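Undergrad: My structure is below; once you've seen it, I'll send some questions.
The values are calculated or read from the model by the stated rules, or taken from the named source; none is laboratory data. Quick caveat: nothing in here was measured; it's all calculated off a predicted structure. Ideal geometry is used to build each Cβ from the backbone, glycine not excepted, and the neighbour counts take in all protein chains shown. These area figures cover heavy atoms from the full protein model, side chains too; ligands, DNA and RNA do not enter into them. Shrake-Rupley method; radii C 1.70, N 1.55, O 1.52, S 1.80 Å.
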Amino acid sequence: MYQLFGRVAWGTLLPALFIGLRSFGTTPVVELSGDNTFFFPSDSFSYFVDTTAALDIDSVVKLSTKEGFFKVNHSKKGNFGYTEHAVWAKIKIKVVNDSSRYVLAAENTTLNFLDYYVLDDKNKLLRHVATGNSLPFSTRELDSRFYVFHLPHEKNKTFTVLVRARSEDALDFAFTISSMEQFFKTQTNIQIIEGLFFGGILIMAFYNFFLFLAILDVSYLYYVLYILSTLFFQMELGGWFNQYFMRDYPLISNKMGTVFFGALIFFIVQFLESFIDKRKLHTWIKNCFYITKVVGIIEMATGIFIPLKYNLPFLVFFALIVLVPTILVTIFYSYKRGIKSTRYLLVGWSSISLGAVFYSVASLGITSFNFLSIYGIQIGTVLEMLFLSFALADRINILRAEKQIAQRETINQLQENAMLLQRLNDEQKKAFGMVIQGEENERRRLAFELHDGLGQLLSVVKLNLSSLEQWIDKKNKQTTDMLNGIISLVDDSCREVRNISHNLMPNTVLQFGLMAALKDFCRKINRAEKIKLHFQNQDLNININPQIQTTLYRVIQEIVSNAIKHSQASDVYIQLFLEDNNLVILIEDNGKGFDLNTVMNSEKGLGIKNIISRIEYIKGKIIIDSFVGKGTNYYITLDTLQNNETE
């Protein structure tokens, strides 16, 4: 990818070129003067293709005397594509100004073997340098990623320079001849540009890695790995990897490009599958992605062992026929499917795809290397990473917007559910209130029936029995005792009917309020001497609705009843006091206690459930704290202001 890199850069920096040509047989002579830079292939460049790849320098020198053996490159094309042949290049030079030292630089960093020969005007061999990326880096005359050779500097002498190249990669002859000062100046400018390029790639990698750590989206991790694979692939193609990491391992270094390319295609597919959601793709796209990943894994694992002459053409054709079309179709299909963020992927991948196509076509020898084929992948890489970053950012914005919409919908749904639940609760409370009111009405009816019906009948019975006393013989003690016993039983029945009537409809609550009713209730319970009730009320004057007072009375009555029946308690403490406009009722017993969860989940918990329902109906709160063997505490609170406003 980097072949001809310096040539184009020099052409940009030094537009004024001077090439002095003088006929010398079939090959013109290049006259070197000042800081002029000369580019090859050109008319001064002649070549010969050794189809056997076996000719040595002596054989070539002998054969070169034949007319037409070396052909002048009038087409100015130095790209021979993938070939097993050896190509010889011939250039004649003459130093006109000896104030400068000149170098010849071969700018194709992927050449495996490169031999440099210098002959005098009598074809006598003066120098030979053998180098290439299949040989150790120490074989190079200058510490450069390019192959740089010193040219003879004797003034007004003509020399023949022969260069033999053989490579399993694309064989492209691209040379420059310039002064050393101009060469290093140009290299410095190129290194600054490429340093910015590689630095930008690293910044993108670190930036997206931090984003991955922040949001833990695996797409960013695959994107980072893809960026790093691209970075190393570009460094290997440009010769940087060989120069700085694999100087002494040329046989591995010149094949690392296939390994990095395998990683590149593997991680770009992983990124796309994660970004787009592969579950919604066509089966043939999934299959192509699967094949691509398999190829990528094989290249990463075995790329350094497969001969380049087979591996490189395969990868080029695979990229052109499978990878590029599949990804473009996938991105376009995803965009049509409604994934709007893929519009950036389409632009970015199209950019690098065009660069890859230009480079691949030139590598196959179909076209010459030019600006687009040299810089296409680099420009495409920059654009691709830029637009892929836009795509990821756009994806975050889209996901954030979708999340906000989903949150709003969820909030609306929760609000609707809350309103529905509130309506249900209101309806349940209303229904429960109707049940309670029905109970109270039925209690009142039964109380009146007992008091006015059965109570009156018992009174009449007692009156009649009392009138019998004047008719019986008072001397008959047995008869007198029997009559007095019957009258006593009737008195007891009247009192029991009166007690039942009062319990069913506590007139004390309605006439004198909750405090008086509770005092009377405690007095009656203590009179039975089954359990001791301790009542404390701090002489409260509670101004709340009589119906609520009745409900509280029923609740306390139920709690005490449960303590008598089930707790085996000897003492029950009832306290009423005000705390911040809240009526607080605290009921404690020293009974055996119970497990609240067990009772609530059993049929025996109806009493407790009824207590809780009554308190909730009057908008109060209740906390039940009970442990087996430690007694039970009931903590009831009621907002007196709220209940007054309600009523």
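Undergrad: For ASP571, which sequence-distant residues (separation of 5 or more, or a different chain) have an amide H within less than 5 Å of its own amide H, given hydrogens modelled in the peptide plane?
TA: Residues meeting the criterion, in which the H sits 1.01 Å from N, are LYS532, ASN590.
Undergrad: Please list TRP88, TRP284, TRP240 from largest to smallest accessible area, probe radius 1.4 Å, with all protein chains kept in place.
TA: TRP284, TRP240, TRP88
Undergrad: While we're on this one: Quote the accessible area belonging to HIS85 in square angstrom, nearest 10, computed with a 1.4 Å probe and with ligands, DNA and RNA left uncounted.
TA: For HIS85, the solvent-accessible surface is approximately 70 Å².
Undergrad: Additional query: Enumerate the lysines that LYS71 could reach by cross-link, defined here as Cα to Cα under 30 Å, with residues fewer than 8 away along the same chain left out.
TA: Qualifying lysines at Cα under 30 Å: LYS62, LYS90, LYS92, LYS94, LYS122, LYS124, LYS155, LYS157, LYS309.
Undergrad: Under the 0.36 nm per residue contour assumption, what length would be gained going from the current alpha-carbon distance of ARG247 and LYS340 to full extension?
TA: Taking ARG247 through LYS340 to full extension adds about 28.9 nm, to one decimal.
Undergrad: Ordering GLU409, GLU31, GLU107 by accessible area with a probe of 1.4 Å, largest first, what comes out?
TA: Per-residue accessible area, sorted high to low, gives GLU409, GLU31, GLU107.
Undergrad: Also, quick follow-up: Please give, to one decimal in nm, the separation of the simple spin-label points placed at VAL294 and GLU558, each 7 Å out from Cα toward the Cβ.
TA: Rounded to a tenth, the inter-label distance reads 7.2 nm.
Undergrad: Quick check: from the Cα gyration tensor, does segment 193-309 come out rounded (a/c under 1.5), prolate or oblate?
TA: The shape class here is oblate.
Undergrad: With a Förster radius of 35 Å, plug the Cβ-Cβ distance of LEU328 and HIS85 into 1/(1 + (r/R0)^6) and report the FRET value to the nearest 0.05.
TA: In this case the efficiency is close to 0.50.
Undergrad: List the residues whose amide H sits under 5 Å from the amide H of ASN537, counting only those 5 or more places along or on another chain, with H placed 1.01 Å from N in the peptide plane.
TA: LEU576
Undergrad: To the nearest 10 Å², what's LEU142's accessible area with a 1.4 Å probe?
TA: 30 Å²
Undergrad: Tell me, in nm to one decimal, what length is gained between ASN397 and LYS592 on full extension, where the rule is 0.36 nm per residue of separation less the Cα-Cα distance?
TA: Stretched fully, the ASN397-LYS592 segment lengthens by 64.0 nm.
Undergrad: Might you work out the accessible area of ARG127 for me, using a 1.4 Å probe with all protein chains in place, and round it to the nearest 10 Å²?
TA: Around 80 Å² of this residue is reachable by solvent.
Undergrad: I need the phi-derived Karplus couplings for segment 270-278: 6.51 cos²θ - 1.76 cosθ + 1.60, θ = phi - 60°, integer Hz, Gly and Pro marked x.
TA: Listing the rounded values in order: 4, 4, 5, 4, 6, 6, 9, 6, 5 Hz.
Undergrad: So how do ASP520, ASP58, ASP625 rank on accessible area, 1.4 Å probe, biggest first, that is with the largest at the start?
TA: ASP58, ASP625, ASP520
Undergrad: Please state, to two decimals, what the Cα-based radius of gyration of segment 236-282 comes to when divided by 2.2 N^0.38 Å (N = residues).
TA: It is 1.65.
Undergrad: Relative to the present Cα-Cα distance, how much length would full extension add between ASP120 and PHE314 at 0.36 nm per residue of separation?
TA: 65.5 nm
Undergrad: LEU540 to GLN428: FRET efficiency via 1/(1 + (r/R0)^6), r the Cβ-Cβ distance, R0 35 Å, to the nearest 0.05?
TA: That gives a FRET efficiency of 0.70.
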